[in-house]
1. Just subtract the alpha-carbon distance of Glu150 and Asp74 from 0.36 nm times their residue separation and send over the number in nm, one decimal.
2. For the chain, with all protein chains present and a 1.4 Å probe, just round the carbon and sulfur fraction of the accessible area to a whole percent.
3. Between rounded, prolate and oblate, where does the chain land on the alpha carbon gyration tensor, with a ≥ b ≥ c its root eigenvalues, rounded for a/c under 1.5, else prolate if a/b exceeds b/c?
4. For Val187, enumerate residues with amide H under 5 Å from its amide H, sequence gap 5+ or separate chain, H modeled in the peptide plane.
5. Quick check: residue separation of Asp96 and Arg51 times 0.36 nm, minus the Cα distance between them. What number comes out in nm?
6. What are the membrane-span-like helices in the chain by this rule: whole DSSP H runs, Cα extent along the axis at least 24 Å, mean Kyte-Doolittle hydropathy at least -1.0?
7. How would you classify segment 6-61 from its alpha-carbon gyration tensor, with a ≥ b ≥ c the square roots of the eigenvalues: rounded for a/c under 1.5, else prolate if a/b is greater than b/c, otherwise oblate?
8. For segment 1-45 and segment 99-131, what is the separation of their Cα centres, given in Å?
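The values are calculated or read from the model by the stated rules, or taken from the named source; none is laboratory data. Please read all numbers here as calculations on a predicted model, not as lab measurements. Surface accessibility is based on the protein's heavy atoms, side chains included, excluding ligands, DNA and RNA. Shrake-Rupley method; radii C 1.70, N 1.55, O 1.52, S 1.80 Å.
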Amino acid sequence: MLFVRGDFSDTIKIWTPGLEWAHSLEQFKGVMTNPEYGKSIFAKSILSDGRILVDTYIETKFIFKSDSLFELEDTISKPSEYFDLTVKHVQGLIDDATYKEKKDSIELVYNGKHAYIAKLIFAKNMFKPGKKKVKLPRKVNYLKDEIQLEKQWIEDGKNCYLIRINNIENGDKTTYAYAIDEDLKFVWWQGCKSRH
């Protein structure tokens, strides 16, 4: 998996696959004209039927302060209609002109509008001996996520941590995880080692 990381002072930005879709050669020609092609949209592979698998990458931002890792959450998000529109276009249910008109209209409203809030997701002293889960207070994590230490190990002489962020959104459980080392390298992605 292609992984992109950028360090900007105390801010870490990572780009990982968000949406993956197979395109015919004709559709792929249109994908290549997208200004984001080569920046956040990449061809991944060619399938046995000749379609091209394309990954659209999403950016996640982190801030590292005083041995603590914060994830930056954009509290202004595009409506679900925007993402449904993209899926329907890729499925061929919406023609190019209609898709472009609706997509451009939504993007015009949301262009440049972001309200980032930093939420604590990890600190080296977060887990007391014998404790594997911590429910964070609103003052450090506005969503009051539950952080779970799934695993701790040593790799190449560095402490590594697998942390899982759990919550409930609209009645549904949400969960995602990061594996990081003491230098805040993402050990699943950086180093390119095979793990068993």
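1. 24.7 nm
2. Solvent-exposed carbon and sulfur of the chain make up 53 percent of the total.
3. The shape class here is prolate.
4. Ala179, Ile180, Asp181
5. Value of the extension gain: 14.3 nm.
6. Passing helices, by number: none.
7. Because a/c hits 1.5 or more and a/b exceeds b/c, segment 6-61 counts as prolate.
8. That distance is 18 Å.
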